[in-house]
């Protein structure tokens, strides 16, 4: 879950959080003795303090390799971190407007999310594009 961090006690500090939900062996939520549900337990979290803050659009995805892909949408910043919270890869998108002038934050360039794709995802498309090309660029390519 991408926690935007817009409410106390962590106001202004976003984080990527993993929770263990309070379900039984069958995956069912059970009421406790007072008739309510137990809260989820946070089992993993990644934050960079005020440096990683996005008050709106953002996302997080657990990748097949166990790493976590984080999109801090307002900045816009994409980073991949491993289970030990080491940054594996990151990039920041620059904001451009008409004529390529640099725009101030929030005016342009915010990202809703950044889905992760394994390299194998593209193999079929690459093979199809190369099939029959004999190493030549497809028609119309520069």
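What follows is calculated from the coordinates using simple rules that are stated; it is not laboratory data. Predicted, not measured: the structure shown is a model, and the values here were computed from it. Ideal geometry is used to build each Cβ from the backbone, glycine not excepted, and the neighbour counts take in all protein chains shown.
What the table shows:
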item	result
Relative packing of peptides 69-75, 33-39 - highest average C-beta neighbours within 10 Å first	69-75, 33-39
Inter-label distance, nm, simple model (7 Å from Cα along the C-beta direction), residue 33/residue 127	6.0
Residue 92 versus residue 65: modelled label distance in nm, points set 7 Å from Cα along the beta carbon direction	2.4
Space enclosed by the convex hull of the alpha-carbon atoms of the range 1-86, per residue, Å³	125
